[in-house]
Amino acid sequence: MQDTVKRKIELEKKQLSLKNMYFNRYLIVRYLTAFFFFMNMQWMILLLSAKSLGSSLPMILILAILPAVGEQVKLYRKHQTNVPWTKWYFLFQSVFNLLVIPVLFTSGFTFLYPFMANNNGGQLFVFILVVSGIFASAFIQYRLKKISLNQDQQDIRIKQYEKGCYLGRENN
């Protein structure tokens, strides 16, 4: 009786470890999602405090990210390699950032960033942030593609762990 209880506990530990390993495949995705959420939230708060009508733009980005956040929360309960809402959001964020770049060097800069100095330094700072957002979004798209094809490093570790524990993917 003692042995069966120990084996059951050990199997549950291995399955929990496996569940966490699958969830951790998306760790950088979750961090950058949180980063974009709070960055857009801060931008919206600053625009609202400046009483700018431009506050609707970051509000749209915040609303767009919510399905991706929900999708990532669900990943803990159910492993999947396809996350369409997250892919869509990061594509949306990239396109949005691309559309903002030309506005940065026009009078529209003060509409989008009334709290920033409207000079070359302020414009350059925001330009660097926006371009960094484009690169981060592209990186996430690349990462999600690797995960969907099971070509990421974490998948290799998961397969090795399963093999070492004699667990097949069907036990998840």
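Regarding Thr81, is this residue more than 19 Å from Phe135 (Cα to Cα), touching a helix residue (DSSP H, G or I) at 6+ places or on another chain (Cβ under 7 Å) and surrounded by 13 or more Cβ atoms within 10 Å (Cβ to Cβ)? In short, yes.
So is Tyr161 in contact (Cβ under 8 Å) with a residue 60 or more places away in the chain, in a helix (DSSP H, G or I) and loosely packed, with under 15 Cβ neighbours inside 10 Å or not? Yes, satisfied. Suppose the filter is open to solvent by 30 Å² or more (accessible area, probe 1.4 Å), closer than 17 Å to Phe135 by Cα, among the aromatic types (Phe, Trp, Tyr) and out of contact with any strand residue (DSSP E or B) (no Cβ under 8 Å at 6 or more places or on another chain); does Phe38 pass it? Against the criterion (open to solvent by 30 Å² or more (accessible area, probe 1.4 Å), closer than 17 Å to Phe135 by Cα, among the aromatic types (Phe, Trp, Tyr) and out of contact with any strand residue (DSSP E or B) (no Cβ under 8 Å at 6 or more places or on another chain)), Phe38 does not qualify. When the range 135-155 is filtered for residues that are farther than 13 Å from Asn24 by Cα and assigned to a helix (DSSP H, G or I), the ones remaining, listed by number, are Phe135, Ala136, Ser137, Ala138, Phe139, Ile140, Gln141, Tyr142, Lys145, Lys146, Ser148. Of the residues making up the range 41-58, those that are open to solvent by 80 Å² or more (accessible area, probe 1.4 Å) and either under 30 Å from Thr81 (Cβ atoms) or out of contact with any Ser or Thr (no Cβ under 6 Å at 6 or more places or on another chain) (or both) are Gln42, Ile45, Ser49, Lys51, Leu53. If you go through the range 129-154 and keep only what is open to solvent by 20 Å² or more (accessible area, probe 1.4 Å) and more than 16 Å from Phe35 (Cα to Cα), you end up with Tyr142, Arg143, Lys145, Lys146, Ser148, Leu149, Asn150, Gln151, Gln153, Gln154. Could you tell me whether any residue of the range 61-71 is without any contact (Cβ under 8 Å) to a residue 40 or more places away in the chain and open to solvent by 70 Å² or more (accessible area, probe 1.4 Å)? There is at least one residue in the range 61-71 that is without any contact (Cβ under 8 Å) to a residue 40 or more places away in the chain and open to solvent by 70 Å² or more (accessible area, probe 1.4 Å). Can you spot a residue in the range 12-26 that is open to solvent by 80 Å² or more (accessible area, probe 1.4 Å) and over 25 Å from the mean Cα position of the chain (by Cα)? Yes; the residues of the range 12-26 include at least one that is open to solvent by 80 Å² or more (accessible area, probe 1.4 Å) and over 25 Å from the mean Cα position of the chain (by Cα). Scanning the range 1-43 for residues that are modelled with pLDDT under 85 and of a type in the set (A, V, I, L, M) yields Met1, Val5, Ile9, Leu11, Leu16, Leu18, Met21. Residues in the range 73-89 include at least one that is touching a Gly at 6+ places or on another chain (Cβ under 9 Å) and closer than 27 Å to Asp152 by Cα.
The values are calculated or read from the model by the stated rules, or taken from the named source; none is laboratory data. These numbers were taken from a predicted model, which means no experiment stands behind them. Note that we place each Cβ from the backbone using ideal geometry, even for glycine, and neighbour counts take in every protein chain shown. These area figures cover heavy atoms from the full protein model, side chains too; ligands, DNA and RNA do not enter into them. Shrake-Rupley method; radii C 1.70, N 1.55, O 1.52, S 1.80 Å.
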